[in-house]
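The values are calculated or read from the model by the stated rules, or taken from the named source; none is laboratory data. The structure displayed is predicted, hence computed values, not measured ones. Here the Cβ positions follow ideal geometry from the backbone for every residue, glycine too, while neighbour counts run over all protein chains shown. When the accessible area is computed, the model is the full protein with side chains, heavy atoms only, and any ligands, DNA or RNA have been set aside. Shrake-Rupley method; radii C 1.70, N 1.55, O 1.52, S 1.80 Å.
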Amino acid sequence: MELTSQKMRKLAPEMDPLRIGCGWNKEDLSKPQIMIESTSGDSHPGSAHLPILVEEARRGIFEAGGFGARYACTDICDGESQGTDGINFSLASREMIANMIEIHANATPFDGAVYIASCDKGMPGNMIGMGRVNIPSIVVTGGTMSAGPELLTLEQLGMYSAKFERGEIGEDKLEWAKMNACPSCGACSFIGTASTMQIMAEAIGMALPGSALLPATSPDLKDYAYKAGKRIVELALEGTRPSDIVTMDSIENAIMVHAAISGSTNTLLHLPAIAREFGIEIDGDTFDRLHRGAHYLLNLRPAGEWPAEFFYYAGGVPAIMEEIRDVLHLDVMTVTGKTLGENLDELKANGFYERCQKWLEEANKKYGISLTKEDIIKPYDNAIGTVGSIAILKGNLAPEGAVIKHTACPKEMYKAVLYARPFDSEEECLDAVLHHKVNKGDAVFIRYEGPQGSGMPEMFYTSEAISSDKELGRSIALITDGRFSGASTGPVIGHCSPEAQTGGPIALVEEGDLIELDVFARKLNIIGIKGEKKTPEEVDAELAKRRAAWQPKPRKYKSGVLRLFSELAASPMKGAYLDYSRFEK
């Protein structure tokens with residue numbers, strides 16, 4: 001079989017001299033050519049250390065007889081953008097990363113690719129691009145940062161900030177938290193979107209077994225990057241493509257792992273967008289179906305007790321998969337060239353779990369604690385919960401659905417009737433929450449923040465202000481067509497679809513409407529008008545009257561990438577990908 005890169009050399013005589021001009025030698029030109037795509041850059045701790053992993057992968061490629069070419073499309077940091085209009089660019093950046101990968105890979109074809117990323121949009125952006133390009137590929141995840149003193153992790157900063165705003169702590173304590181929350185490189189040390197998507201890469205079969213979400217400072221992580229470099233040359237010569245690995249069965253495996261780890265709700269945006277590149281249609285209902293009856297096992301923040309650093313020490317993705325082994329498709333193929341079941345058996349046989357135990361013992365000494373594996377990953381028969389970790393709520397308020405992570409929600413809020421308090425921006429809502437203008441029993445709405453509104457930013461500060469308030473955190477709900485950080489906790493419901501900008505029912509809610517929330521009945525309904533309960537027919541009639549008078553808001557962005565995103569973004573329940581079919585309408 002003639003490699004794609006060698007065919008290209010015959011068609012483009014300028015290619016050889018141009019590559020020699022950037023440091024290749026004559027022998028390199030005839031080797032399998034591998035694109036090493038990363039989000040390397042000084043944008044945040046999850047990408048600043050990736051050049052080290054790029055070089056390790058490149059060393060593995062070279063030793064396996066290939067040549068690695070370094071490409072990068074740096075991602076942005078949601079944490080650094082929080083509370084500003086910069087966060088509006090976050091979800092759109094996922095699409096731009098995928099687009100740049102498509103450009104890089106197709107402008108100068110390669111025989112294979114290594115994708116190296118760590119964080120919220122870098123991970124899914126690379127995996128969307130990987131599916132679109134569909135050349136032999138392997139994913140290397142960038143790992144998680146260490147915890148700070150007192151096991152401090154970044155998602156706690158929102159709590160410290162809200163307490164400071166309320167006068168509960170002084171500026172010195174807030175400054176201490178700021179200076180100690182990120183002591184190393186890597187993704188933030190909790191099961192947020194970055195950590196979840198690293199885990200999804202392995203769970204779906206595209207990363208080496210045991211390689212996801214290692215501590216970013218671990219020598220094992222560099223070893224995995226090196227091994228990935230060696231393996232990609234074999235995959236290129238074999239001709240194995242991501243489409244041979246990513247199937248409906250492997251996606252269902254990933255969703256079952258998502259349930260077991262209480263993964264980020266943002267996964268409901270990312271996995272459908274990734275699956276779509278492989279011709280596979282999934283949506284919120286797919287997650288809801290698989291989460292029902294699923295066992296939730298992972299005792300890590302934000303829903304659990306411990307930082308994400310401890311995930312690897314407890315055995316990582318393989319340990320989770322062993323616990324839920326009976327509900328997985330074990331015959332799916334992975335990047336190793338072996339099935340998932342074969343990989344799990346091999347890890348048990350080669351001492352993987354014993355090595356993890358040694359790391360756990362060292363961590364216990366470092367932090368002065370005494371955790372066992374079972375403190376971090378609960379046994380299947382002693383699960384934290386047995387009803388999954390997310391639910392898709394539907395009703396006349398969210399006909400297409402809305403998502404809640406019920407494992408991070410107070411049980412008092414599983415079933416309630418609340419009074420609507422709508423706000424048309426997060427800024428207005430946050431001010432009301434912080435200054436006690438919101439009351440117990442309210443359903444606080446933030447709308448016009450969906451993908452076609454402002455770009456679908458995270459409502460992190462508002463959700464933290466609510467969840468860190470002892471009264472409000474157990475007595476109100478936050479409902480939005482925007483999304484939440486993977487770090488968010490509390491009674492928060494996001495992705496409400498259709499969104500307000502498109503005329504969804506969330507746009508029609510008025511002050512004092514009665515809102516029915518029932519998590520396990522999967523209900524989210526308007527059941528009353530101006531504080532008075534009405535029949536479904538009366539509610540429908542009132543909503544029809546309001547819809548006739550409703551006008552969409554002028555678009556917030558008139559040009560640039562957010563204009564493109566707001567014009568073309570699909571529903572949040574389908575993944576908020578750029579739906580180019582709209583050009584045909």
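Suppose we keep only residues that are of a type in the set (Ser, Thr, Tyr) and farther than 14 Å from Ala107 by Cα within the stretch 1-39. Which one would you say is farthest from the chain's Cα centre (by Cα)? First the steps, then the outcome.
Of the residues in the stretch 1-39, the ones of a type in the set (Ser, Thr, Tyr) are 4-5, 30, 38-39.
Those still in the list that are farther than 14 Å from Ala107 by Cα too: 30, 38-39.
Values: Ser30: 38, Ser38: 17, Thr39: 15 Å.
Of everything passing the filter in the stretch 1-39, Ser30 is farthest from the chain's Cα centre (by Cα).
So if I check each of Ile392, Ile369, which one is outside any helix (DSSP H, G or I), at pLDDT 95 or above and open to solvent by less than 40 Å² (accessible area, probe 1.4 Å)?
Values: Ile369 fails: open to solvent by less than 40 Å² (accessible area, probe 1.4 Å).
Answer to the selection: Ile392.
Restricting attention to the stretch 1-22, which residues are more than 19 Å from Pro136 (Cβ to Cβ) and either open to solvent by 60 Å² or more (accessible area, probe 1.4 Å) or touching a residue at least 40 places away in the same chain (Cβ under 8 Å) (or both)?
Our first condition is that a residue be more than 19 Å from Pro136 (Cβ to Cβ); within the stretch 1-22, this holds for 10-22.
Passing the criteria: Lys10, Leu11, Pro13, Glu14, Met15, Pro17, Leu18, Ile20, Gly21, Cys22.
Can you find, within the stretch 318-364, the residue that is farthest from Arg289 (Cα to Cα) among those that are in a helix (DSSP H, G or I) and among the β-branched types (Val, Ile, Thr)?
This residue is Ile320.
Quick one: which residue in Met159, Met179 is open to solvent by 10 Å² or more (accessible area, probe 1.4 Å), closer than 28 Å to His258 by Cα and more than 19 Å from the chain's Cα centre (by Cα)?
Working: Met179 fails: closer than 28 Å to His258 by Cα.
So the residue among Met159, Met179 that is open to solvent by 10 Å² or more (accessible area, probe 1.4 Å), closer than 28 Å to His258 by Cα and more than 19 Å from the chain's Cα centre (by Cα) is Met159.
Only one of (1) open to solvent by 10 Å² or more (accessible area, probe 1.4 Å); (2) in contact with a strand residue (DSSP E or B) (Cβ under 7 Å, 6 or more places away or on another chain) fails for Lys230. Which number is that?
Lys230 satisfies every listed condition except (2).
Here is a check on your reading of the model: is Glu202 surrounded by 24 or more Cβ atoms within 10 Å (Cβ to Cβ), acidic (Asp, Glu) and within 30 Å of Lys366 (Cα to Cα)?
Criteria met by Glu202.
Per-residue answers, yes or no, for (1) out of contact with any Lys or Arg (no Cβ under 6 Å at 6 or more places or on another chain); (2) surrounded by fewer than 18 Cβ atoms within 10 Å (Cβ to Cβ); (3) among the hydrophobic types (A, V, I, L, M, F, W, C):
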| residue | (1), (2), (3) |
| --- | --- |
| Pro318 | yes, no, no |
| Arg355 | yes, yes, no |
| Lys373 | yes, yes, no |
| Ile376 | yes, no, yes |
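Taking the condition of being open to solvent by 30 Å² or more (accessible area, probe 1.4 Å) and in a helix (DSSP H, G or I), how many residues in the stretch 58-98 meet it?
So the count comes out to 9.
So in the stretch 234-252, with the set limited to residues that are among the aliphatic types (A, V, I, L, M) and touching a residue at least 40 places away in the same chain (Cβ under 8 Å), which one is nearest to Gly68 (Cα to Cα)?
Here the residue is Ala236.
Does at least one position in the stretch 490-503 carry a residue that is open to solvent by less than 10 Å² (accessible area, probe 1.4 Å), polar (S, T, N, Q) and part of a strand (DSSP E or B)?
Yes, the stretch 490-503 has at least one match.
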